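S.K.: I have a structure here, written as structure tokens, and I will follow up with some questions on it.
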Amino acid sequence: MSFEEITKKSYCPFAKPSKMGPGITIRTDDVENELTRHREIIADFFRTASERSLDGMIITFEEPTLGITLDALTDLTRRFYTTLTRMFSSVYIPDDPQPDERWYAMIEGEMTFLVSFAPCYPETSPRYTYGDQRTYFLLQPASTFVRNAKFIDRQRTGIQRAFAAVGKPYDAELANLENDIFKAVMPMDPVGDHIAWWLPEGSSTAREQQDRLVHAGL
């Protein structure tokens, strides 16, 4: 299985014809050091994505333990974004993000969207990897959504219905949030609690913020 094969199985018509930039492979669990070595590839992708009409780039994590559970994926996401803050001065992680605020990681002048696919997700999830034990991070530049806005708007309801019809519903409210930080780790259930990946695992602050989000219905 490869990400291309996973994409072919997707029920999103926007995914199949996407034009991808060069991919990156992280071969060990030393995410920070390996990712840093690929800084220029990431920078060049976002620097040129708009003029080259590129829709995304894939980062493949080959170490199975990095995405084998939702907690592991949450930790990987935190490590990934933390490393980006060291690689790019334009990327930051807010201390106390709110769902009604607007936040995206900014790389080379492009707002960046992250969609993860990992072995922890069940067959009923749109993020299912069909038995592939690798974890994939799809990084998308905002320019792809601007370029394809009319097509996406026409297909939005149909895409949601297509996923639901095959038992892979997703949380449309979550997908439409302006604050991308809340969408970086998708919950297991179609409509689930937001996952506060930006806080250290097990910290009292993390538990308090997660409780606050749950009580707010988010």
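S.K.: With θ set to phi - 60° and the Karplus curve 6.51 cos²θ - 1.76 cosθ + 1.60, what are the ³J(HN,Hα) couplings of the stretch 50-59 in order, to the nearest whole Hz, using x for Gly and Pro?
M.R.: Karplus values, whole Hz, x for Gly and Pro: 5, 5, 9, 6, 8, 9, x, 9, 10, 10.
S.K.: How would V91, V115 rank on accessible area, largest to smallest, probe 1.4 Å?
M.R.: V115, V91
S.K.: So what's the net charge close to E62: Lys and Arg +1, Asp and Glu -1, counting the other residues with Cβ under 11 Å from its Cβ?
M.R.: For residues surrounding E62, the net value is -2.
S.K.: Here's a follow-up. In the stretch 64-102, whose amide N lies under 17 Å from the spot 7 Å out along Cα-to-Cβ of T28? List them in ranges.
M.R.: Only 64-66 pass the distance filter.
S.K.: Turning to a different aspect of this structure: Mind running the shape call on the stretch 1-126? Use the C-alpha gyration tensor, a ≥ b ≥ c as the square roots of the eigenvalues: rounded below 1.5 for a/c, prolate if a/b tops b/c, oblate otherwise.
M.R.: rounded
S.K.: Once the Cβ-Cβ distance between D71 and T48 is put in as r, and R0 is 35 Å, what FRET efficiency do you end up with, to the nearest 0.05?
M.R.: E(calc), rounded to 0.05, equals 0.45.
The values are calculated or read from the model by the stated rules, or taken from the named source; none is laboratory data. Predicted model only: the values in this text are computed from it and were never measured. We place every Cβ from the backbone using ideal geometry, glycine too, and count neighbours over all the protein chains shown. Areas reflect the complete protein model, heavy atoms only, side chains present, ligands, DNA and RNA absent. Shrake-Rupley method; radii C 1.70, N 1.55, O 1.52, S 1.80 Å.
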